[in-house]
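The values are calculated or read from the model by the stated rules, or taken from the named source; none is laboratory data. Just so it is clear, the structure is predicted and the values come from calculations on it, not from any experiment. Using ideal geometry, Cβ is built from the backbone for each residue, glycine included, and neighbour counts are taken over all protein chains shown.
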Amino acid sequence: MVGSLQSVRAIYFDLDDTLCGYWNASKLGLRRTFEKYGPEGFDAEELVRHWAAAFRDFAPDLKRTDWYPGYLLTGEPTRTEQMRRMLARIGIDEPALASRLSMTYMEERDRSLELFPDAVEVLDQLRPIFPLGLITNGPADIQRQEIETLGIGTYFRHILIEGEMGEGKPAKSVFDRATSIMGCERHEILMVGNSYRHDIRAALEYGWHAIWVLRDSDVPPSASGDTLKPEALPQGAPEPDATIGSLSALLGLLGL
Ligand SMILES: [Mg+2]
């Protein structure tokens, strides 16, 4: 066991791109959607590029706009707006098509969503030893759907969803709430996540342990330039207890 992890008594996981390949599902879902219903004269890859450009413009500020309260409840309005903006970029103004693309994308993405191959084995081994929890950002309906699709709800004693709490990681209040319901001290809790900014830095700053899962597949469809590579540790930022390339590496680190 890694010495610094000896005090760990409970573990919280992030969901997307920690336990399941969300970005892979998103990329597949977009491609299939545009192959099915994309406007004529545009190939699917081209439409994905327009979607990505619209995403880079729309998504980063979402939480500071009037879209946020609705987004917390359901992913539908912002997902449809995202498609509307994608179509607008290619000169098409068809609200019904935006809705159809949005719905199809949601279904195709869900159909493509898979746990990483070692996730079940790792959760099976950890569950008898540590109380487990999930802290995941995103709309309530989408996150609940993902948990249902993946069949992992029963592994977790506590499931904290941004859409249900009205706030998400990296807010300190989220980590405070997670600490208090787990009934442990902060230094007894381990966060396992793929996002340095949302999962790892916050956990370390609030006194938890953190293990960073960094995979080559962790690249969003909207990536361009520098963001085509998985996230790097910002200069001078606190180091996680460990960085791993797959979930199964977690077992050895915890002495299992
Ligand atoms: Mg994640």
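A few remarks follow.
- Top-ranked residue in the stretch 198-217 [being away from the ligand (no atom under 13 Å from the Cβ) and among the acidic types (Asp, Glu); ranked as surrounded by the fewest Cβ atoms within 10 Å (Cβ to Cβ)]: Asp216
- Subset of the stretch 188-197 that is farther than 14 Å from Thr136 by Cα and of a type in the set (A, V, I, L, M) - its residue that is surrounded by the most Cβ atoms within 10 Å (Cβ to Cβ): Ile189
Yes or no, residue by residue, for (1) touching a Lys or Arg at 6+ places or on another chain (Cβ under 8 Å); (2) on the phi > 0 side of the Ramachandran plot; (3) surrounded by fewer than 19 Cβ atoms within 10 Å (Cβ to Cβ):
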site	(1), (2), (3)
Arg84	no, no, no
Ala98	yes, no, no
Glu114	no, no, yes
Pro117	no, no, yes
Val122	no, no, no
Gln125	no, no, yes
Pro131	yes, no, yes
Pro139	no, no, no
Thr154	no, no, yes
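- Any hit, the stretch 4-12, residues being in contact with a helix residue (DSSP H, G or I) (Cβ under 9 Å, 6 or more places away or on another chain), away from the ligand (no atom under 16 Å from the Cβ), over 25 Å from Trp212 (Cα atoms) and touching a residue at least 60 places away in the same chain (Cβ under 8 Å): no
- Looking only at the stretch 217-244, and only at residues there that are within 30 Å of Ala53 (Cβ to Cβ) and touching an Asp or Glu at 6+ places or on another chain (Cβ under 8 Å), the one that is modelled with the lowest pLDDT: Pro230
- For the stretch 196-203, the criterion of being in a strand (DSSP E or B), out of contact with any Phe, Trp or Tyr (no Cβ under 7 Å at 6 or more places or on another chain), without any contact (Cβ under 8 Å) to a residue 60 or more places away in the chain and not assigned by TED's automatic domain parsing to the domain that holds Met106 is met by none of the residues.
- Selection of the stretch 156-195 for residues being within 16 Å of the ligand (Cβ to nearest atom), out of contact with any His (no Cβ under 9 Å at 6 or more places or on another chain) and either within 23 Å of Ser248 (Cα to Cα) or in a strand (DSSP E or B) (or both) yields Phe156, Ile159, Leu160, Ile161, Val192, Gly193, Asn194, Ser195.
- Within the set Leu97, Leu47, Leu87, Leu30, the sole residue that is modelled with pLDDT of 95 or more, away from the ligand (no atom under 16 Å from the Cβ), within 27 Å of Leu150 (Cβ to Cβ) and not assigned by TED's automatic domain parsing to the domain that holds Ala249 turns out to be Leu30.
- Any hit, the stretch 170-187, residues being surrounded by 20 or more Cβ atoms within 10 Å (Cβ to Cβ) and of a type in the set (D, E, K, R): no
- Residue within the stretch 56-65 that is within 30 Å of Val122 (Cα to Cα), free of Cβ contacts under 8 Å to residues at least 40 places away in the same chain and away from the ligand (no atom under 16 Å from the Cβ) present: no
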